[in-house]
1. For the chain, report the convex hull volume of the alpha-carbon atoms normalised per residue, in Å³, without decimals.
2. Taking the mean number of other Cβ atoms within 10 Å as a proxy for protection, how do you rank 196-204, 261-269, 75-83, 139-147 from highest to lowest?
3. Where in the chain are the DSSP H helices whose C-alpha atoms run 27 Å or more along the long axis and whose mean Kyte hydropathy is at least -0.5?
4. May I ask you to derive the FRET efficiency for Ala318 and Ser419 from their Cβ-Cβ distance with R0 = 60 Å, giving the value to the nearest 0.05?
5. Treating the beta-carbon of each Lys and Arg as +1 and of each Asp and Glu as -1, no other charges, what is the dipole magnitude of the stretch 75-196 about its Cα centre, to the nearest 20 debye?
6. With +1 on each Lys and Arg Cβ and -1 on each Asp and Glu Cβ, how big is the dipole of the chain about its Cα centre, in debye rounded to the nearest 20?
7. Using the Cα centre of the chain as origin and beta-carbon charges of +1 (Lys, Arg) and -1 (Asp, Glu), tell me which of Leu404, Pro198, His93 is placed farthest towards the positive end of the dipole.
Amino acid sequence: MTCETDVAVIGAGAAGLAAGASLAAAGVDFRILEAASVIGGRAATDRETLGTPFDLGCHWLHDARANPFVPIARRLGFRFDADGPARRQRLLHLGARFATADEATAAQAAVDAAMDAVTAAGRAGRDVAAVEALRPLGPWLPLARHWLALMSAAAPERISTLDYSRYHDTDDNWPVLDGYGALIQAHAGTLPVTLDCPVTRLDHGGRRLRLETPRGTLTARFAIVAVSTAVVARGQLAFTPSLPPELGEAFAALPLGCAEKIALLFDDDVFGVPPRTGLDAFDTDRPQRLAVSALLRPGGAPAAVVHIAGPEAAALVAAGEGAMVDFATSALAQAFGAGLRGRVRRARVTNWTHAPYIGGAYSCALPGAGHLRPWLHQGLGTRVLFAGEALGGPAFSTAHGAHLSGRAAAETVLERLRSQP
Ligand SMILES: Cc1cc2nc3c(=O)[nH]c(=O)nc-3n(C[C@H](O)[C@H](O)[C@H](O)COP(=O)(O)OP(=O)(O)OC[C@H]3O[C@@H](n4cnc5c(N)ncnc54)[C@H](O)[C@@H]3O)c2cc1C
């Protein structure tokens, strides 16, 4: 490994890769160090399991009209669906039957009302648990809780209303049909990334920064730390001297929650619905049972991608792959008939929760800690900057938020390099 560089980027996810692309464009000497054996982090596409691209992590171009990955996708020839979500069919199953049109409308109104109430509480300056902002939602409460959990990867008891209200939500959520993970990896091109190279310690006490890895020590003038909040909070990447208390507190207050996917390939179409039909399913008679959302027939394949989130999902992940596949198959069988049970040909589950260098899905501030996220932007002194989805501003928790944060960190470093050549 090269022992010296001007800028070291730690992590080759959407944020680190964006930082690298900006540094490369400026002609600066830099190196990206990545702990895993692949680039992309939470941006990863599996092309094998379903015979059609299956995004293990990010899939939707949120805030698509302003999302920087839209022009990148166009340039690289990646297909996305700009108007599909609006006209796509969405089903709601209530445990014993499908909802009527009126019930589906009422359920959607309840979910929207729940999200609006949480946002309103935060905008009013209240930083409490999202659950405290919820008004009675009758039978739709489990569905509203499920959607809040999908949005934040956390139960409403662990979502800060203030943090939630700062997310810029638009209705423009466009799926990348060829895979968002594949797009982010393709955009990285030939950036200089050293794989299988976890940085265990960043020493920022001396004249040059020292990055310790099992493959040797790299020294640098600047570092962009583009790893998840969990990696810093649990000390997988240690700092010498230690992080100042307010920064340590901020990383700890932004844990990554649980949001996972279970992909199932069947021997033939078992759903009889148009490609990319959406399904929400929960059991009105057993409201404590984990609700699911699913994408049916992605890419027209005889398949489903089932989404689960929150603490009950974490318990299922802990129970193992077999339990996850069984749960997802049961949820679909409840809606489409027990006959599909014996027809699963292939399955793949995600486990971001226990991925060693990630540690969960996306960041969400704990109640009362909504003011801490902006602290990450101050960096560590003038030479160490942070990037990643947690620093995505109003696009926190997203891939494009991560990308924008990486670009911003690189711009700051470039300005400082210009002023101190
Ligand atoms: C199930 C799921 C669904 C999602 N859906 C969407 C979606 O539809 N749309 C959307 O916009 N976003 C979505 N997201 C979120 C999005 O994927 C992430 O916000 C984004 O990819 C995070 O990028 P990042 O660069 O901040 O972090 P990461 O992707 O975590 O990248 C950090 C990198 O740093 C590496 N690393 C960690 N520690 C070290 C170390 N010590 N040394 C060196 N390298 C290290 C890691 O291996 C990793 O590659 C989803 C996420 C999940 C889990």
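FYI, it's all coordinate maths here, none of it is from the lab. This one's a predicted model, so the numbers in the text were calculated from it and none came from an experiment. Backbone-built Cβ (ideal geometry, glycine too); neighbour counts: all protein chains shown.
1. On the way: hull volume 56.3 nm³, N = 421.
Cα-based convex hull of the chain, divided per residue, equals 134 Å³.
2. On the way: 196-204: 17.8, 261-269: 19.6, 75-83: 13.9, 139-147: 21.1.
For the peptides 196-204, 261-269, 75-83, 139-147, the packing ranking is 139-147, 261-269, 196-204, 75-83.
3. On the way: long enough: 101-123 (33 Å, 0.27); 399-419 (30 Å, -0.26).
In the chain, the long hydrophobic H runs are 101-123, 399-419.
4. Taking R0 as 60 Å, the efficiency between Ala318 and Ser419 is 0.75.
5. Details: 12 positive and 15 negative charges, 21 e Å.
That gives a dipole near 100 debye.
6. Details: 39 positive and 40 negative charges, 130 e Å.
Charge dipole of the chain: 620 debye, to the nearest 20.
7. Result: Pro198.
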